[in-house]
Amino acid sequence: MTSPDHQPATTPHRHPALQFLSRFRGYLTPIAMLVVFAMMAFAVYKLTNEVRYEEVVAALTNTSWTAIGLAIMFTALSFASLVYYDLNALDYIGRKLPIAPVMVTAFSAYAIGNTAGFGALSGGAIRFRAYSRLGLSPEDIGRVIAFVTFAFGLGLLAVSAIASLIAAPRLSAIIGMDPTVLRIGAVIILLMLASLLFVGRNGRTVKLMRIRLKLPDTLTSSRQFLITAFDIAVSASALYVLLPETHIGWLSFFAIFAAAIGLGVISHVPAGLGVFEAVMIGTLGNTISMDQLLGSLVLYRLVYYVLPLTIAIILVAASEARVLARHKVAGDIGTVVVRLSPPLLSAFALMLGAMLIFSSVTPTPETDLSLLAPWLPLPVVEGAHFLSSLLGLALVIASRGLAQRLDGAWWVALVAAMLAFVLAFLRALALGEATFLAVFVAAMLLNAGRFRRPASLFGQVLNLPWIMAILVIIAGATTVLLFVYRDVEYSHQLWWQFEFSGEAPRGLRALLGVSILSAAIAAFSLLRPAFRHPAPLSPEDLQQATAIVIGQDNADANLVRMGDKRVMFSDSGRSFIMYGIQGRSWIALGDPVGDREETAEMVWRFVERARGAGGRAVFYQVSPALLSFCADAGLRAFKLGEMALVDLTGFELAGSRLAGLRQALNKGRREGMEFAILQPAEVTQALAELKAISDGWLAHHDTREKGFSLGAFEETYVASQPVAVLRKAGRIVAFATLFLTDTRAEASVDLMRFAPDAPRGAMDFLFVSLLEQLKGEGYQAFNLGMAPLSGMSRREVAPVWDRIGGTLFEHGERFYNFKGLRAFKSKFHPQWQPRYMAVSGGTGGVLALMDVTLLIGGGVRGVVGK
C-alpha cells in the first residue's frame with residue numbers, strides 16, 4: 001500500500017572530493033592498505049639492516065618457557081576482558097542475552113578480527129552473524145559494534161596519554177622527544193576526554209565535528225574505561241614478558257605499545273601486520289637488541305594471534321563431535337560455535353595459507369636437511385618445497401569460499417591441507433606446521449555438514465579486498481625473503497641452482513610460483529565475466545509461481561502476477577524468488593515465497609547467481625526473519641521502514657479505540673456509499689470503468705505508472721485478482737485491487753485509486769468496509785503496506801543510515817508524504833513490523849537504493865517524470 005507516486009529524496013550537495021572518496025571508498029581503502037603495508041615492510045627491512053636471520057632464530061629458541069607461559073596467561077586475561085566489551089555494550093543498549101553465547105561470540109569475533117579483520121572476516125561481520133541468530137535487530141547490532149569501536153578507541157587514547165604523562169622522562173629518552181612536549185600533549189588529550197565525559201555525563205549528547213554522540217551514563221563509562229585499560233595493559237604485558245631483560249620501564253613500554261596498536265588499527269592492514277612491527281622496532285630498536293626484539297615480536301604474534309584462533313578451531317571440532325552437548329551451558333556455547341564455524345575455519349585457513357607461504361621463503365634447519373638427505377632424493381625435497389607454497393595460496397583463496405560455506409571451497413581446502421601435511425615432513429620435518437594442519441583437517445572433517453552450498457570455487461571471483469590481502473601476504477613474504485638472504489648476492493644463476501643447501505634458490509622459486517599464480521587469479525577476478533541477463537518470465541513460469549503463491553501466507557507475493565519480474569525457482573519447484581535487474585544490481589523483492597525449509601538455500605543461490613553474472617545481490621523489503629540467512633550469505637542489512645499489519649481477529653469497531661473509523665463508516669453509509677468486492681469475472685466486465693478512474697487519478701496526481709514493488713493498471717493483471725470497489729449512486733468512484741491467498745492468513749491491497757469527484761473520506765470508508773468483510777471471511781491479518789523511513793532511530797548511537805532516514809521522515813515532506821502515510825495507516829492501530837534491504841559485496845545502501853528506485857520508476861525518465 002505504498003503510494004505509487006513515490007519519489008526519492010535528494011541528497012545534500014557535497015564537495016566533489018568527498019563524493020569521489022565516498023563513491024570509490026571500497027576501492028581506495030584496500031589499495032591504501034597495501035601501500036601502507038609496503039611502506040612499513042620497507043621500513044622494517046631498513047631498520048633491521050644489521051640483523052641476521054640466524055640471530056633471530058637463536059633469540060626465539062632462547063626464550064624461556066616461563067616467559068611464554070606468562071605471555072599465554074596475559075593473553076587469556078586480555079581475551080577475558082574483551083568479552084566484557086560486548087557485555088557492557090549489551091547493557092548499554094538495554095538488551096540481555098545469555099552470557100555463554102555472548103562470550104563465545106566476542107571471543108570468536110576478536111580471534112577472527114585480529115587475524116584477518118576485513119570483509120566477512122571482520123569482528124563486525126561475526127557479531128552480526130551471531131547476534132542476529134540470538135534475536136538482536138540490525139540496529140541493535142550496529143549499536144553494539146559502534147559502542148565496542150568507540151570504547152576501544154577512546155580508551156586507548158586515554159590510557160596512552162596517562163602512561164605518557166607518568167613516564168614522560170623515560171619515554172622521551174627512547175623516542176627522542178622533549179618530555180615537556182610529551183606531558184603537554186598528554187594533558188591536552190586528557191583534558192579533551194575529560195571535557196567530553198563531563199559534557200556528555202549521564203547520557204547527554206555531545207557533538208564532535210559532524211558526529212553526534214550520546215555517551216553512556218557515568219557508571220557505564222567508568223566501567224568501560226577500566227575494562228579497556230585492563231585489556232591494553234595485559235596485552236602489552238604479553239609482549240613485555242617476552243622481551244629480554246631490559247632497562248625500559250613497563251609504563252614507557254606500555255605507551256609505545258598503545259601507539260603501535262592504534263596505528264595498526266588505523267592502517268586497516270589485517271592484524272596491523274608490518275605497521276605494529278615497524279613502530280615497535282623504530283622506537284625500541286636502540287634500547288633492545290634488534291634480533292631479540294624481532295624474536296619477541298614473532299612469538300607475540302604466535303601467542304596473541306595464532307593461539308586464540310587455534311583454540312577457537314578446537315572448540316569448533318569439540319562442539320561438532322558432541323563433546324560439549326552434555327551440559328546445558330556447554331550446549332549453548334556449542335550451538336553458537338557451530339554457527340560461527342565457517343568464518344572461524346575461513347580465518348584459520350587464511351592463517352595457514354600465509355604460514356605455508358612464509359615458510360617456503362625461509363630456510364630449512366640444517367639438522368632437518370641432514371636427516372632428509374639420505375632418504376629422499378633432491379627433486380622430492382625441491383618439489384615439496386615449491387608445492388607447499390602453492391598449496392598455501394590455495395588455502396588463502398579457499399578461505400573466502402569457506403566463509404560462504406561453499407562445498408567446492410571445503411574440498412579444495414581439505415585436499416590442500418592434507419597434501420601440505422604430508423609435504424611438511426618431506427621438505428623440512430616441520431612438526432609445528434603439521435600440527436596446525438592436522439587440527440584444521442580434523443575440524444574440517446567434523447564440520448563437513450556445514451559446507452553444502454553447491455557452488456564452484458573456480459566460478460567465484462575475488463573482490464578487491466581479498467586481492468589486496470593476497471598481495472599483502474606476497475609483499476610480506478618478499479620482505480621476509482630479502483631479510484633472510486640479505487647476505488646472498490643476487491644472480492640469474494640462483495634460479496637454476498638445485499642442491500640440498502641451496503635455500504635461497506628454493507625460496508626464490510617458491511615466491512615466483514606464488515606471485516605468478518596470484519597474478520593470474522587477480523587478473524581473472526578483475527576481468528569479470530560480461531554481465532548477462534537471464535531469460536524473462538515465461539507464461540509457464542508465471543503459472544507455476546502463481547500456484548505457489550496461492551498456497552502460502554504472504555499476500556504481497558501476488559505481485560508476481562504483474563509479469564515484470566524474473567523468477568528463480570528452487571530445485572524442488574516449491575519455492576521461488578522474484579527479482580528485477582537494474583544496472584549491476586539483482587534486486588529480490590521480499591522474502592523467498594513458498595516452502596520455508598528452502599529459504600536458506602534460496603537466499604544463497606540468488607546471491608551466487610548474481611555474483612556469477614557479475615552483479616550484486618540486493619534483497620528489498622525483507623522481514624526480520626530473513627536477516628540471519630542474509631548474514632550467512634555475507635549481506636549487510638539497512639532498515640527501510642515499517643510494515644503495518646492489522647490483526648483482523650481483534651478488529652472491532654465498537655469502543656473508543658476505533659471510534660474515528662466507525663464514524664467514517666457511518667458517514668459513508670448516510671451519504672449513500674456502497675461497498676462490494678468484485679470477483680475476477682466481474683472485474684473483467686468493469687475494466688473500462690476502472691480504467692477511467694485510474695487514468696483520472698494519474699492525471700490528477702501528475703504521475704505515471706510504476707513497477708516492480710508496485711502494481712500498474714494492466715488489464716490482465718487487474719483482472720487476475722478480486723477488486724474492492726466503492727459506488728456512489730450506482731457509479732464506481734474508488735477501487736483497490738486485492739491480494740489474497742487460499743490460506744487466508746493475510747490479505748493486502750496494491751492499486752488504490754479514486755475519481756477526482758469521489759466523496760471526502762471515500763478511502764476510509766472503503767478500507768473499513770474491506771477489513772470488516774475480510775474478517776467475516778476468516779482472514780487473520782490485513783497488510784496495509786510499508787511506511788518508508790518509519791521507525792528509524794535518530795538517536796546519536798544509531799547507525800548513520802538510520803539517522804539520515806529519521807531526519808528525512810521528520811523533515812522530508814517536500815519530497816514525499818512520509819508522516820502523512822504513516823498517519824493514515826495508524827488510524828487502524830496496526831502492528832508495526834520493520835522491513836529491511838540487504839546488500840552484498842560491500843555495496844553501500846544508497847547505491848543499491850538508487851537502483852531500486854530506478855527499477856520501480858522504470859529508469860531515469862520514469863523517476864524524473866514521476
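Can you tell me which of 299-309, 534-544 comes out highest on packing, and rank the rest after it, using the mean Cβ neighbours within 10 Å?
Peptide ranking by packing, descending: 299-309, 534-544.
Any idea of the accessible area per residue across segment 372-451, 1.4 Å probe, to the nearest Å²?
36
Could you work out the relative contact order of segment 528-681? I mean the mean sequence separation of Cα pairs under 8 Å and 6+ apart, divided by the number of residues, in percent.
17
Highest mean first, what order results for 555-561, 189-195, 719-725 on Cβ atoms within 10 Å?
Highest mean packing first, the order is 555-561, 719-725, 189-195.
From zero up to wherever the largest Cα-Cα distance of segment 582-681 sits, split into 5 Å bins and tell me the percent of pairs in each.
For segment 582-681, the binned pair fractions read 2, 10, 14, 14, 11, 8, 8, 10, 10, 7, 4, 1, 0 percent.
Which whole-Hz ³J(HN,Hα) couplings does segment 81-94 yield from phi under the Karplus relation 6.51 cos²θ - 1.76 cosθ + 1.60, θ = phi - 60°, glycine and proline marked x?
Here the 3J(HN,Hα) series is 5, 4, 4, 6, 4, 5, 5, 5, 5, 5, 5, 5, 8, x Hz.
Heavy atoms of the protein only, probe of 1.4 Å, neighbouring chains included. What is the accessible area of Thr716 in Å², nearest 10?
120
Whole-Hz Karplus ³J(HN,Hα) for segment 674-687, in order, using 6.51 cos²θ - 1.76 cosθ + 1.60 and θ = phi - 60°, x for Gly and Pro?
Per residue, the Karplus-derived 3J(HN,Hα) values read 10, 10, 7, 10, 8, 6, x, 5, 6, 4, 4, 6, 9, 4 Hz.
Rank Phe675, Phe79 by accessible area, highest first, at a 1.4 Å probe radius?
Phe675, Phe79
With contacts defined as alpha carbon pairs under 8 Å and 6 or more residues apart, what's the relative contact order of segment 102-166 in percent?
Relative CO of segment 102-166 lands at 21 percent.
Keeping the other protein chains in place, figure out the carbon and sulfur percent of the accessible area of segment 38-147, with a 1.4 Å probe.
Its accessible area is 66 percent carbon and sulfur atoms.
Take the alpha carbon atoms of segment 336-428, find their radius of gyration, then divide it by 2.2 N^0.38 Å using N residues; give the quotient.
Ratio of Cα Rg to 2.2 N^0.38 Å: 1.22.
So if I take the alpha carbon set of segment 69-162, get Rg, then get Rh from the Kirkwood formula, what is the Rg over Rh ratio?
Checking Rg against Rh, the ratio lands at 0.97.
State whether segment 37-88 is rounded, prolate or oblate according to the following rule on the C-alpha gyration tensor (a ≥ b ≥ c being the square roots of its eigenvalues): a/c under 1.5 gives rounded; otherwise a/b larger than b/c gives prolate, and the remaining case gives oblate.
Note, shape of segment 37-88 comes out oblate.
Using DSSP, restrict attention to beta bridges with both residues in segment 551-621 and report what percent are antiparallel, rounded to the nearest 5.
Approximately 65 percent, going by the DSSP bridge assignments.
Just to verify a number: what accessible area does Glu433 come out at with the full protein assembly present, 1.4 Å probe, Å² rounded to tens?
Taking all protein chains as shown, Glu433 has close to 20 Å².
Once the other residues with Cβ under 11 Å from the Cβ of Arg760 are scored (Lys, Arg +1; Asp, Glu -1), what is the net sum?
-2
Using the per-residue mean of other Cβ atoms lying within 10 Å as a proxy for protection, in what order, highest first, do the peptides 30-37, 104-111 fall?
104-111, 30-37
On the accessible surface of segment 612-652, probed at 1.4 Å, how many percent belong to carbon and sulfur atoms?
48
Please work out how much length the chain gains when fully extended from His701 to Arg727, using 0.36 nm per residue of separation minus the C-alpha to C-alpha distance, in nm with one decimal.
So the chain would gain 7.2 nm between His701 and Arg727.
Over segment 665-722, give the accessible area per residue in Å² for a 1.4 Å probe, as an integer.
Accessible surface, normalised per residue, equals 50 Å².
Ranked by accessible surface with a 1.4 Å probe, highest first, in what order do Ile474, Ile145, Ile99 come?
Result of the area sort, largest leading: Ile99, Ile145, Ile474.
The values are calculated or read from the model by the stated rules, or taken from the named source; none is laboratory data. Remember, it's a predicted structure, so these values are computed and weren't measured experimentally. A quick note on method: Cβ atoms are made from the backbone with ideal geometry, for glycine too, and the neighbour counts reach across all protein chains shown. Keep in mind that these areas ignore ligands, DNA and RNA; they rest on the heavy atoms of the full protein, side chains included. Shrake-Rupley method; radii C 1.70, N 1.55, O 1.52, S 1.80 Å.
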